[in-house]
2 protein chains.
Amino acid sequence: MTDTDMNTDAHNGIDYSMLQSRIGYMLRRAQMAYFDIFAEACAKEGITPGLFGILAIVYRNPGLTQTAVSSALDVDRSAMVAAIDKLEEMEVMERRKSQNDRRSYALYLTDKGKAFTDRLNRTVIERESDFEHFLNEDDREWLLKILDRIVQAKKGN
Amino acid sequence: MTDTDMNTDAHNGIDYSMLQSRIGYMLRRAQMAYFDIFAEACAKEGITPGLFGILAIVYRNPGLTQTAVSSALDVDRSAMVAAIDKLEEMEVMERRKSQNDRRSYALYLTDKGKAFTDRLNRTVIERESDFEHFLNEDDREWLLKILDRIVQAKKGN
DNA sequence: TTTAAATTGTTTATGTGTCAAACAGTGTGC
DNA sequence: GCACACTGTTTGACACATAAACAATTTAAA
C-alpha cells in the first residue's frame with residue numbers, strides 16, 4: 001500500500017481512517033455484508049434470520065421454554081410470541097404444555113421442522129461457504145474464536 | 001475443552017453449535033457487544049453512533065455532499081437530512097452552498113465541530129481500548145484486516 | 001436548442017424491530 | 001397463608017430502514 005492511497009478506499013477516494021481503525025465500526029460493516037447473504041439464504045427457504053436462530057437453538061435443545069430461548073438469543077421474550085406463532089403456523093415447531101410448570105410451554109420441532117432445519121442449515125452453510133473464498137480454514141477458525149472471545153468478554157462487562 | 005462441554009455454553013448449558021459455527025451469527029453477536037460500549041462512549045458526548053460516523057467522514061473529507069457521505073456510510077440519503085439538521089443545530093457542522101452544483105450542499109465541520117470530533121474520537125478509542133484487554137495488538141490488527149476483507153468481498157458480490 | 005433523463009435534497013408513508021410497562025395465571029419461599 | 005417472582009402475552013412509544021414521490025437543477029440526447 002503506497003503513501004497516497006493509505007487509509008483511502010480505492011473505489012471512491014474517501015478517507016475512512018477514523019472509522020476503519022474502530023473494531024466496532026468494522027464489525028458493523030462486516031455484519032451488514034454477511035447479513036445480506038445470510039438473509040438471502042434464509043429467504044430462499046421462506047424464513048428470516050431471526051427465525052433461523054430460534055430453530056437452531058430448539059433443534060439442539062428440544063424442550064426449552066420460550067423465555068429460555070429468548071435468553072439464549074439475547075432478544076426480548078415478548079418478541080418470541082409472534083415468532084413462534086409463525087413457526088407453528090408453518091408446522092415446523094410446536095408448543096407443548098410443560099408438565100411441571102403450567103405457566104410455560106416446552107418447545108419442540110416437528111418431524112417436518114427437523115427436516116426443514118436440516119435443509120435450511122445446509123443452505124446457509126453452503127451460501128456462506130461460497131462467499132468465504134477469501135478465508136482459508138485457519139482464518140475462519142481463528143475469526144470465530146476471536147468473535148466468541150468478544151461476546152464472552154461482554155458478559156462480564 | 002472437554003467432550004462434554006464442547007459446543008455448549010458454560011453458563012446456561014445450552015448447545016449453540018448450529019449458530020456458533022456461523023460467521024454471520026457470531027459477527028452479529030460481537031457487533032452487539034461492541035455497539036453497547038461504542039454507543040455508551042458516544043452518549044457520554046451527547047451523540048449517537050450514526051452521527052459519529054458522519055462526523056468522522058466529514059472530518060477527514062471536508063466538502064463532501066450529503067449523498068456522497070450517505071454513500072460512504074452505506075445509508076439512505078434521506079436519512080442524512082435529519083442527521084445533519086441535528087449536527088447543524090449542535091453547531092458542529094454546516095451546509096455551504098456548492099459552487100458548481102446549486103442542487104447540493106458541501107459539508108464542513110465548524111471549529112467547534114473539529115474540536116468536538118477530536119474529543120469524541122479520543123473517548124471512543126479510550127473506551128474501546130479498555131474493553132479490548134483480551135486482544136493483543138497483533139490480534140487487533142489481524143481482526144481489522146479480516147473484517148476489511150469481508151467488507152471488500154461483499155462489494156464484488 | 002430543445003427535450004428527455006438523471007441527480008440533489010427533502011418529505012411522507014410504511015413496515016420492522018426494540019423497549020418498557022402492564023396484565024392474569026402460576027410457582028416459590030418465608 | 002401471603003408476599004414476591006416468573007411465565008406468556010399484549011400494548012404503546014420510539015427509533016430505524018425502505019420506498020416512493022416531489023421540485024429544483026444538472027446532464028445527455030436528439
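The values are calculated or read from the model by the stated rules, or taken from the named source; none is laboratory data. This structure is a prediction, so every number in the text was calculated from the model and none was measured. When we count neighbours, we look across all protein chains shown, and the Cβ atoms used for this are built from the backbone with ideal geometry, even at glycine. Side chains included, ligands, DNA and RNA excluded: accessible areas come from the protein's heavy atoms. Shrake-Rupley method; radii C 1.70, N 1.55, O 1.52, S 1.80 Å.
Points to keep in mind about this one:
- Among the residues listed as B:G46, B:G24, the single one being away from DNA strand C (no atom under 13 Å from the Cβ), under 21 Å from B:K114 (Cβ atoms) and modelled with pLDDT under 95: B:G46
- Among (1) in contact with a strand residue (DSSP E or B) (Cβ under 6 Å, 6 or more places away or on another chain); (2) free of Cβ contacts under 8 Å to residues at least 12 places away in the same chain; (3) of a type in the set (D, E), the one test that A:D74 misses: (1)
- Filter pass, B:F35 being among the aromatic types (F, W, Y), under 20 Å from A:Q20 (Cα atoms), within 14 Å of DNA strand D (Cβ to nearest atom) and open to solvent by less than 30 Å² (accessible area, probe 1.4 Å): no
- Test result for A:A30, within 7 Å of another protein chain (Cβ to nearest Cβ), crowded, with 16+ Cβ neighbours inside 10 Å and over 16 Å from B:M18 (Cα atoms): yes
- In segment B:52-82, the residue that is nearest to DNA strand D (Cβ to nearest atom) out of those that are assigned to a loop (DSSP other than H, G, I, E, B) and out of contact with any Leu (no Cβ under 6 Å at 6 or more places or on another chain) is B:D76.
- Residue count, segment A:83-107 (criterion: within 13 Å of DNA strand D (Cβ to nearest atom), open to solvent by 70 Å² or more (accessible area, probe 1.4 Å) and in contact with a Lys or Arg (Cβ under 8 Å, 6 or more places away or on another chain)): 1
- Checking A:K155 against (1) within 16 Å of the chain's Cα centre (by Cα); (2) surrounded by fewer than 17 Cβ atoms within 10 Å (Cβ to Cβ), the condition it does not meet: (1)
- Between A:A33, A:A56, the distinction of being within 28 Å of B:L143 (Cβ to Cβ), modelled with pLDDT of 95 or more and away from DNA strand C (no atom under 15 Å from the Cβ) belongs to A:A56 only.
- Filter result for B:D111 (away from DNA strand C (no atom under 16 Å from the Cβ), acidic (D, E) and buried (at least 16 other Cβ atoms within 10 Å of the Cβ)): no
- Any hit, segment B:74-87, residues being within 14 Å of the chain's Cα centre (by Cα) and within 13 Å of another protein chain (Cβ to nearest Cβ): yes
- Candidate set: segment A:83-108, residues that are within 12 Å of DNA strand C (Cβ to nearest atom) and in a helix (DSSP H, G or I); chosen: the one farthest from A:N61 (Cα to Cα): A:K86
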